[in-house]
Every structure is written in structure tokens, then in C-alpha cells.
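The values are calculated or read from the model by the stated rules, or taken from the named source; none is laboratory data. Here the structure is a predicted model, which is why all the values come from computation and not from measurement. Glycine also receives a Cβ, built like all others from the backbone with ideal geometry; neighbour counts cover every protein chain displayed. We work out accessible area using only protein heavy atoms, side chains counted, and drop any ligands, DNA or RNA first. Shrake-Rupley method; radii C 1.70, N 1.55, O 1.52, S 1.80 Å.
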Amino acid sequence: MTFGESIKTVFSKYVVFQGRASRSEFWWWYLFTAIIGIAISIIMNIATAGVAAGGDVNALLAAQAPFVVISSLVSLAFFLPTVSVTVRRLHDINRSGGWWWIQLIPFVGTIIIIVFAATPGVDQGNRFN
């Protein structure tokens, strides 16, 4: 699956928690969300650099406010597709979507999800077809 196909698939399955997601679909989606987040941060830093140089903290916070709102809205819009692609990725390795909750354990949970996401899918005998 290509980068574009992955983004299209994840958005078309915005809240579909059934079925399976390939490794490429999962990792392309995460790359896409990282690129968007980094782009928003870079644009915010460029747009507020002049205000930051002035040293006025209140002016800097006021200049950054629209970018914080945009970033929050993007994060909110990406939350459900990210959960759904993660659950479908877990299904591809024959694990229940309930494993998604392990991410709430600081550090260790994230590592476990990364290992699960990097694991090849189960072709036969998978209960989540």
C-alpha cells in the first residue's frame, strides 16, 4: 500500500474498528500524522519568531493561540482514525482491539504497541478477517 492509498483508506474507514490493517497502512498513517504535526509546529515557529524575539511573553502566547487551536483541532480530527487503524492493525496480528488500552501505561505500553505494529500479520487462522 502506498502513502496516498493508506491515507485514503484510513480516512474512508474513519471509525471502522472491524477488519484488518496492514503494516504499511498503519505506518504510512503514522508518518502522515507526524508530518502534519511537524508542519504545524514549523509554521507556528516561523510565524511567531518576530514576536518571540521581542521578549514579551503575553504577546508570544497571543500570537501562538491560533496555532494551538489549529493543532488541537487536527489532533481531535485524527484521534478516531488513529485508534481505528491501531485496532485494525492489532486484528491483523490476531490480537483483540482491547490491547489498544495498553498504551495508557507510560513508556512500556507504547513500546508494546510499537512491537505489535511491527509484527507481520497472521495470514491463516485469524479470527478478525
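Can you check what the net charge comes to around V87, using other residues whose Cβ is under 13 Å from the Cβ of V87 (Lys, Arg +1; Asp, Glu -1)?
On the way: positive: K13, R20, R88, R89, R95; negative: E25, D92.
With Lys, Arg at +1 and Asp, Glu at -1, the net is +3.
Report I70's accessible area, 1.4 Å probe, all protein chains in place, as a number in Å² to the nearest 10.
Accessible area, nearest 10 Å²: 80 Å².
Which percent of the accessible area of the chain is formed by carbon and sulfur heavy atoms (probe 1.4 angstrom)?
Values: 5460 of 7740 Å².
Reported share for carbon and sulfur atoms: 71 percent.
Quote the relative contact order of the chain in percent (integer), defining contacts as alpha-carbon pairs under 8 Å separated by 6+ residues. Please report the intermediate quantities before stating the final value.
Numbers: 133 pairs, mean separation 42.1, N = 129.
It rounds to 33 percent for the chain.
With r as the distance between the Cβ atoms of V122 and V69 and R0 = 35 Å, compute the FRET efficiency 1/(1 + (r/R0)^6) and round to 0.05. List each step's numbers first, then the result.
On the way: r = 42 Å, r/R0 = 1.20.
It comes to 0.25.
Order M1, M44, most accessible first, counting only protein heavy atoms with a 1.4 angstrom probe. Mind dumping the intermediate values first?
Values: M1 95, M44 40 Å².
From most exposed to least exposed: M1, M44.
When ligands, DNA and RNA are left out and all protein chains stay put, how many square angstrom of accessible area per residue does the chain have with a 1.4 Å probe?
Working: 7740 Å² over 129 residues.
Averaged over the residues of the chain, the accessible area is 60 Å².
For the chain, set up a Gaussian network in which alpha carbons nearer than 10 Å are linked by springs, and say which option among N58, N94, N45 fluctuates the most.
Result for the chain, Cα springs under 10 Å: N58 fluctuates most.
Step by step: find N for the chain, compute 2.2 N^0.38 Å, then divide the Cα radius of gyration by it. What's the final number? The partial results should precede the final answer.
On the way: Rg = 18.2 Å, N = 129, 2.2 N^0.38 = 13.9 Å.
It is 1.30.
Give the accessible area for E5 in Å² (nearest 10); use a 1.4 Å probe, count only protein heavy atoms, and leave out ligands, DNA and RNA.
My reading of the accessible area for E5 is about 100 Å².
Could you work out which residue, out of L60, L80, L31, moves most in a Gaussian network model of the chain, that is, has the largest mean-square fluctuation with Cα springs under 10 Å?
Highest fluctuation among the options: L60.
Find, among the chymotrypsin sites (Phe, Trp or Tyr not before Pro) in region 44-129, those assigned to loop by DSSP (not H, G, I, E, B) with at most 13 other beta-carbon atoms within 10 angstrom. Before the final figure, lay out the partial values.
Numbers: sites: F67, F78, F79, W99, W100, W101, F107, F116, F128; in loops: F107, F128.
Loop-located and lightly packed - F107.
Could you pull the Cα extents of region 1-67 along its three principal axes, largest to smallest, in whole Å?
52, 21, 14
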